[in-house]
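The structure under discussion appears below in the form of structure tokens.
A short reminder: the numbers here are calculations on the coordinates, not readings from a lab. Please read all numbers here as calculations on a predicted model, not as lab measurements. Positions of Cβ are generated from backbone atoms using ideal geometry, with glycine treated the same way; all protein chains shown enter the neighbour counts.
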Amino acid sequence: MEQQITIARPATEVFAYLADPTHLCDWLTHLRREETELPGDGLESDHAAGTVRWSFDPAGEWRVQEIEGVTRLTLHLERDTALAADPTGPETPEDAARFSAEAALQSLKSHLEGAGGGDPDLRTGDVSSRAYGRSATQDPDI
């Protein structure tokens, strides 16, 4: 499975962040629990190729590419399924993998851009009620 996101930071900064094992919990949400230890090995980075690979479950690779001053970050996972958050719910293993990948990408974007939102560890800044140019009420003057 592959997914991409654009991050408004230089590729060198994004690569350095991903290659630092202390940031694993920012994109592997199951490591946020205090009782879960960070993997001691299995993370390999190749600065020339712009890749950060890991062999722990679920194995995969980050590909970092700078394009016109922003970074395209691609997440490649070696499998297309994951355990559903609620095994009794309608979420398929494919949906669970896709949602997990999207959460990892959004979390990294949030941490790297310092934008808040998209990540439970960051406080969301004050947000206007006019999301995407539309009023949150029926009154367009608010």
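Note on Gln106 and Gln4: the extension gain reaches 35.7 nm, defined as 0.36 nm multiplied by sequence separation minus the Cα-Cα distance. Between Glu113 and Ser55, the contour length at 0.36 nm per residue exceeds the Cα-Cα span by 18.2 nm. Label zone (Thr81, point 7 Å along Cα-to-C-beta; backbone nitrogen cut-off 19 Å) within segment 1-16: 1-2. You can think of it this way: the chain between His23 and Glu94 has 23.0 nm of extra reach, that is 0.36 nm per residue less the Cα-Cα gap.
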